[in-house]
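Please read the structure below before turning to the comments.
The values are calculated or read from the model by the stated rules, or taken from the named source; none is laboratory data. Remember, predicted model here, so these are calculated numbers, not experimental data. Every residue, glycine as well, gets a Cβ built from its backbone with ideal geometry; the counts of neighbours run over all protein chains shown. Ligands, DNA and RNA are excluded from the accessible area calculation, which covers all protein heavy atoms including side chains. Shrake-Rupley method; radii C 1.70, N 1.55, O 1.52, S 1.80 Å.
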Amino acid sequence: MIELYDNGHGVDTAGKCSPDQSLREYKKARELVKDIVARRRAMGYDARILVPEDKDISLGERCRRVNAICNEVGKSNVLLVSIHCNAAGADGKWKSAGGWCAYTSPGQTNADTLATHLYDAAETALADYIEAFPIHKAKGEYDSKQRPIRTDYSDGDPDYEARFYILMHTLCPAVLTESMFQDNKADVDFLLSAEGHNAIVNLHVNGVESYIKSLK
Ligand SMILES: [Zn+2]
């Protein structure tokens with residue numbers, strides 16, 4: 001299995017940062033991907049960074065890179081995880097939404113299985129975040145509707161479904177994860193902490209590991 005990790009956006013992508021600019025999505029995504037890939041390679045897997053560049057690479061080119069590898073080794077021997085940080089708005093103001101979630105394309109494919117393994121891994125890796133969530137909620141940092149693990153069970157599994165370009169135009173199972181909100185203060189504090197960063201790395205490392213084992 002070749003594991004491809006995509007980091008959202010680029011240094012030249014407008015917006016995509018916390019209101020206080022302490023967190024930039026392109027940078028956090030690259031730091032997460034770098035550490036996830038290093039961990040997976042240390043475990044003996046063929047994990048690769050899809051976008052080594054800092055500048056933004058078009059979605060078309062990202063998909064072309066994925067599909068070239070799919071065509072070379074067979075799409076069932078490839079998986080893609082695209083790493084992002086969520087946002088509730090784009091007006092440069094702090095918001096009250098928070099949590100972690102994953103997206104797949106509509107319909108049931110191996111991507112849904114991969115997403116479910118990531119959700120299972122999230123329950124463990126994000127245990128401290130989940131525990132602290134009601135405390136932040138009580139302080140008004142999350143509104144009453146928020147949940148630490150965001151799920152959509154309308155189609156029987158926890159992930160959300162969306163026709164995101166990178167999910168629709170890649171041949172292999174592909175999941176896009178949104179690790180917390182870049183416009184929520186409590187989430188940004190978590191993302192910028194060593195504990196939070198490592199928890200999100202562990203989530204992806206353990207979720208992918210569990211998915212690959214489930215295929216055998
Ligand atoms: Zn993004």
Review point. Karplus couplings for the stretch 87-102 from phi (6.51 cos²θ - 1.76 cosθ + 1.60, θ = phi - 60°), rounded to Hz, Gly and Pro as x?
Key: 8, 8, x, 9, 9, x, 10, 5, 10, 10, 8, x, x, 10, 7, 9
Point to revise | 19 Å Cα-Cα reach of LYS95 towards aspartates and glutamates, excluding residues that sit fewer than 8 places from it in its own chain | key: ASP20, GLU25, GLU141, ASP143, GLU178, ASP183, ASP187, ASP189
Study note, to complete from the structure: Descending accessible area (1.4 Å probe), largest on the left, turns ASP120, ASP6 into ASP120, ASP6
**Study point:** Phi to ³J(HN,Hα) by Karplus 6.51 cos²θ - 1.76 cosθ + 1.60 over the stretch 117-125, Hz, x for Gly, Pro
**Key:** 5, 5, 4, 4, 5, 5, 4, 7, 5
Point to revise | Residues whose placed amide H lies under 5 Å from that of ASP46, excluding near-sequence neighbours | key: GLU3
Point to revise | Point-to-point label distance, GLU195-GLU53, nm (Cα→Cβ direction, 7 Å offset) | key: 3.9
Review point. Can you give the helix-only mean residue ellipticity at 222 nm for the chain, where every DSSP H stretch with n ≥ 4 adds -39500 (n - 2.57) and the sum goes over all residues, rounded to the nearest 500 deg cm²/dmol?
Key: -14000 deg cm²/dmol
Point to revise | By average C-beta atoms within 10 angstrom, highest first, the peptides 24-31, 143-150 | key: 24-31, 143-150
Check your understanding: Once the piece of chain linking GLN21 and MET1 is laid out straight, how much longer is it, given 0.36 nm per residue of separation minus the C-alpha distance between them?
Key -> 3.5 nm
**Study point:** Nonlocal amide H pairs with TRP100, under 5 Å, H built at 1.01 Å
**Key:** ILE149, ARG150, MET180
Review point. Once the Cβ-Cβ distance between ARG147 and ALA38 is put in as r, and R0 is 22 Å, what FRET efficiency do you end up with, to the nearest 0.05?
Key: 0.10
Review point. Given the C-alpha centroids of the stretch 98-123 and the stretch 27-84, what is the distance between them in whole angstrom?
Key: 17
Study note, to complete from the structure: Diffing the stretch 129-146: the Karplus 3J(HN,Hα) column from phi (6.51, -1.76, 1.60, θ = phi - 60°), in whole Hz with x for Gly and Pro, holds 5, 4, 5, 7, 4, x, 5, 5, 4, 4, 7, x, 6, 10, 7, 5, 7, 6
Check your understanding: Residues with amide H under 5 Å of ASN7's amide H, sequence separation 5 or more or different chain, H placed in the peptide plane at 1.01 Å from N; which?
Key -> LEU50, VAL51, ILE83
Revision key, fill the gap. Compactness summary of the chain: radius of gyration and Dmax from Cα atoms, Å, are 16.3, 52
Exercise for review: Would you rank HIS197, HIS169 by solvent-accessible area, highest first, keeping every protein chain in place and using a 1.4 Å probe?
Suggested key: HIS169, HIS197
Point to revise | DSSP bridge pairs, the stretch 1-120: antiparallel proportion in percent, nearest 5 | key: 10
Check your understanding: Which percent, to the nearest 5, of DSSP beta bridges fully inside the stretch 2-215 are antiparallel?
Key -> 20
